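Coordinate-derived values only; no laboratory data. Just so it is clear, the model here is predicted, and its values are computed rather than measured. Positions of Cβ are generated from backbone atoms using ideal geometry, with glycine treated the same way; all protein chains shown enter the neighbour counts.
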Amino acid sequence: MRKNVWAICTALVISLFFGTTLDVAAAKQKTHYIGLHDRLLDFEDVQVIDNDMKVPLSEITKILYIPVKKEKDITYLRKRGIVISYDESTKRTSKDGVELSWSPIVDVDGTLYISAKYIAKVTGFKVEYIQNLKTLRIYRDDYEHMSHADYEKHVKQLLDEKKPIKPIIPIKLPPVTPTKPSAKSATTIYLTFDDGPNKFTTINNATLKKYNVQGTFFFLGKHMKNNESIVKAVAKDGHYIGTHSMTHDKEKVYKSSKSFIDEMNEGTKIILQMTGQDAKLLRVPYGSKPHVTPAMQKLLNQNDYKLWDWDVDSNDWKYTDEQVDQIIENVRTGVVKADKSGDRDIIVLLHDRKQTSKALPEIIEWLQKEGYTIKTYEPEGHIIQNFLHDTTL
């Protein structure tokens, strides 16, 4: 009898605990979605406020490449000559200095959310709402995209494939005596440089040689044409060179699947002509997500390409050569965070720019002092790192 009572009590406790947990998880389940062209975006939090789908302002502005700047209590968004501002003190939104009769931007528990439909339309996109799938599609006619009927089928298939995950009942294990942490030498750092070749590529190359380390360079075709000697010097010093497209022009690169693969093939062809190396690693402009479509991924595979994004963003392009300390700090903070998370192959995003060239010596000195291993890309030991989570790339 006593055993039965204990069993019943235990069952009630488990039911109450996990019942509450499941209720919370269910409350956080996604119900509304945002799409861009042919993709379904990974917004964790889409809120419907006053029958309007709103998303975190900081997330959608990154996806649509809208510069955001905050001055005192006012947040500014600038794109295509349009200025949108939100005043925290009045909770009002203005466009080009004129206060709107409604506020597409709202503050939810300290986080700014913006109407997805509004920000899309005001920056030149079109929108279509798929009622039965609760999906707002953002698109532009000058970008190649599937028909709305095909897109609806595509999204339905994606949502149908999402299966509920069974809750895992945690088991309390006895404490384990911690083992000695592995040496940082087990963690490899890949310093990567975008947008060259230019005069700062030469400086960065010299710095790498001084510290006896090698990097990975993603060159633009339009710059390689005028700097063949730099390309050859970088290759001769043992650094890997991959393509970063021909133009870095988002409107051209991502206009269609054909224009995308043509930009990559042309850049790779120039590298082969100048160095004799058949470079199959590339980095696409602005990162792979959300620009690279499934059709583009397929073409990359068909052409035997590999794709690298990054683990640590130095954000060096944001700063002047008088703000190199911030670049150095961004790299330090990012590397430490990635290392603590268990990442043993950390890719750092840098650029061939003046401010980066000034920051690079101290970045390398810190990495070496901390005991990290710095290497260039090795095709035979390819590391999968792309925002698409595509294991074939």
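Could you list all residues from segment 73-104 that are among the charged types (D, E, K, R), farther than 17 Å from Lys62 by Cα and either touching a His at 6+ places or on another chain (Cβ under 9 Å) or surrounded by 13 or more Cβ atoms within 10 Å (Cβ to Cβ) (or both)?
Within segment 73-104, Asp87, Glu88, Arg92, Lys95 meet the criteria.
Between a residue in segment 90-108 that is without any contact (Cβ under 8 Å) to a residue 12 or more places away in the chain and of a type in the set (D, E, K, R) and any residue that is assigned to a strand (DSSP E or B) and surrounded by 15 or more Cβ atoms within 10 Å (Cβ to Cβ), which pairs come within a Cβ distance under 6 Å, given they are 6 or more apart or on different chains?
Glu99/Arg92
Filtering segment 225-271 down to residues that are touching a residue at least 60 places away in the same chain (Cβ under 8 Å) and charged (D, E, K, R), which residue is farthest from Phe193 (Cα to Cα)?
Result: Lys255.
Which residues, taken from segment 112-128, are loosely packed, with under 13 Cβ neighbours inside 10 Å and under 18 Å from Asp45 (Cα atoms)?
First, pick out the residues of segment 112-128 that are loosely packed, with under 13 Cβ neighbours inside 10 Å: 124, 126.
Across segment 112-128, there are no qualifying residues.
Could you please find all residues in segment 246-283 being in a loop (DSSP other than H, G, I, E, B) and closer than 27 Å to Asp141 by Cβ?
Selection gives Met246, Thr247, His248, Asp249, Tyr254, Lys255, Ser256.
May I ask you to list the residues in segment 56-90 that are touching an Asp or Glu at 6+ places or on another chain (Cβ under 7 Å), within 20 Å of Gly124 (Cα to Cα) and β-branched (Val, Ile, Thr)? Full working, then the answer.
Start the filter on segment 56-90 by keeping residues that are touching an Asp or Glu at 6+ places or on another chain (Cβ under 7 Å), which leaves 56, 73-74, 82-83, 87-89.
When the remaining residues are screened for being within 20 Å of Gly124 (Cα to Cα), the result is 56, 82-83.
Residues satisfying the conditions are Ile82, Val83.
Condition first: farther than 28 Å from Val292 by Cβ and free of Cβ contacts under 8 Å to residues at least 12 places away in the same chain. Can you find one or more residues in segment 48-62 that meet it?
Of the residues in segment 48-62, the ones farther than 28 Å from Val292 by Cβ are 48-52.
Of the ones still in play, those that are also free of Cβ contacts under 8 Å to residues at least 12 places away in the same chain are 50-51.
For segment 48-62, residues farther than 28 Å from Val292 by Cβ and free of Cβ contacts under 8 Å to residues at least 12 places away in the same chain: present.
Just checking, how many residues over segment 340-393 are part of a strand (DSSP E or B) and either under 30 Å from Arg39 (Cα atoms) or hydroxyl-bearing (Ser, Thr, Tyr) (or both)? Lay out the reasoning, then the answer.
Keep residues of segment 340-393 that are part of a strand (DSSP E or B), which gives 345-351, 373-374, 385.
Restricting the remaining residues to those that are either under 30 Å from Arg39 (Cα atoms) or hydroxyl-bearing (Ser, Thr, Tyr) (or both) gives 345-351, 373, 385.
Going through segment 340-393 one residue at a time, the tally reaches 9.
Which count do you get for residues in segment 284-339 that are assigned to a loop (DSSP other than H, G, I, E, B) and surrounded by 13 or more Cβ atoms within 10 Å (Cβ to Cβ)? Before the answer, list the steps.
Of all residues in segment 284-339, those assigned to a loop (DSSP other than H, G, I, E, B) come to 284-293, 303-305, 309-311, 314-315, 319-323.
Filter once more, so that each one left must be surrounded by 13 or more Cβ atoms within 10 Å (Cβ to Cβ): 284-293, 303, 305, 309-311, 314-315, 319, 321, 323.
Residues in segment 284-339 being assigned to a loop (DSSP other than H, G, I, E, B) and surrounded by 13 or more Cβ atoms within 10 Å (Cβ to Cβ): 20 in total.
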